[in-house]
Amino acid sequence: MSTVNGTPLTRHGSRVPLIPARSTPPTPALPARAQATAVRPPVTPAPTIKIMVICLPDDLPAQAMTSHQLDTHFGVTGTLTTLYWATPRLRPWQRHQLIGARKGQPTLCAGGPIRLLDLPGMRHAAAVGAGIRHQMWQQIVHGTGPATPWPVFESRHLTDPDRYPLDQASEDFHAQPRVHAMRLHTATTPGAGHLSVGELEMYQAGQVAYQHYRAASAVAGDAMLTADGRHLAPASDALAHRITYLEQALAHLDTVGPEQRLLAISL
């Protein structure tokens, strides 16, 4: 075979038709269901806030410390709750400085100046009670493996509610053997023997950690509004976020003076 002007010829001189280059067929588009689904960022569940501690401004009159004035002055809706103990050294003429004081020993109240509140006694009592409760919890869940806390399931549901409905998240959480053990105990032992599955992660952190957690929560509640208007609260119910809040709240209480008034409200 020879070529003339670049065109191939047979040995008889006839031209050889050119072979067209093989074309690459276009890649068909993947159907919508086959395309990779974009990864959704995890959604952090909102925290459970039952008790808020308000650090009252110095210029706020005592008449404003009532449930129906909370929204006006602080933008929150709630009722006064007897979270605090008065100091055992309380004198009769000091009682009027307490907020919502009740009769009895210790004297329960919704708040007052820090110098008249027995914060150390509250923390000690909470720690002792937590230690007893944790020992009981260890016996109840003996033989069960660690369980995944509820905030993990809730976050998964909120991230993709269509694929992981709330009912499925609740079913998966409550299907864990350790949760079964806690619920069975609570069902058969009402009152003081109640063990909240909402504190599962706190129990699993260990006895000493649980005592510290309960002691701090006894005086700081679930959220705090400072006198200068800052709102302190955990990012979620996860233990790590709860600890961060307690660190911030206790650090703030360490900076205020003995005349700072505290007020506890139930939301």
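The values are calculated or read from the model by the stated rules, or taken from the named source; none is laboratory data. All values reported here derive from a predicted model rather than from experimental measurement. So basically every Cβ, Gly included, is an ideal-geometry build from the backbone, and we count neighbours across all protein chains shown.
With the structure loaded, tell me whether Thr81 is in contact (Cβ under 8 Å) with a residue 12 or more places away in the chain and either loosely packed, with under 11 Cβ neighbours inside 10 Å or farther than 22 Å from Leu253 by Cα (or both) or whether it fails that test.
No, not satisfied.
Of the residues that make up segment 191-205, is at least one under 27 Å from Gln139 (Cβ atoms) and assigned by TED's automatic domain parsing to the domain that holds Val53?
Among the residues of segment 191-205, not one is under 27 Å from Gln139 (Cβ atoms) and assigned by TED's automatic domain parsing to the domain that holds Val53, which makes the answer no.
Kindly indicate the residue of segment 151-175 that is in contact with a Pro (Cβ under 9 Å, 6 or more places away or on another chain) and not aliphatic (A, V, I, L, M) and also surrounded by the most Cβ atoms within 10 Å (Cβ to Cβ) among those meeting that condition.
Pro151
Can you give me the number of residues within segment 251-266 that are of a type in the set (S, T, N, Q) and free of Cβ contacts under 8 Å to residues at least 12 places away in the same chain?
1
Within the group Ala264, Ala220, which residue is in contact with a Gly (Cβ under 9 Å, 6 or more places away or on another chain) and of a type outside the set (Ser, Thr, Tyr)?
Values: Ala220 fails: in contact with a Gly (Cβ under 9 Å, 6 or more places away or on another chain).
Result of the check over Ala264, Ala220: Ala264.
Consider Met136 against the criteria (1) in the same structural domain as Gln211 (by TED's automatic domain parsing); (2) more than 30 Å from Asp160 (Cα to Cα); (3) within 23 Å of the chain's Cα centre (by Cα): it satisfies all of them except one. Which criterion is unmet?
Against the list (1) in the same structural domain as Gln211 (by TED's automatic domain parsing); (2) more than 30 Å from Asp160 (Cα to Cα); (3) within 23 Å of the chain's Cα centre (by Cα), Met136 comes up short only on (3).
Taking only pairs six or more apart or across chains, which ones have beta-carbon atoms under 7 Å, a first residue in segment 103-116 that is within 15 Å of Asp254 (Cα to Cα) and touching a residue at least 40 places away in the same chain (Cβ under 8 Å), and a second residue that is crowded, with 19+ Cβ neighbours inside 10 Å and of a type in the set (A, V, I, L, M, F, W, C)?
Once the first residue is within 15 Å of Asp254 (Cα to Cα) and touching a residue at least 40 places away in the same chain (Cβ under 8 Å) and sits in segment 103-116, its partners that are crowded, with 19+ Cβ neighbours inside 10 Å and of a type in the set (A, V, I, L, M, F, W, C) give Ile114/Leu262.
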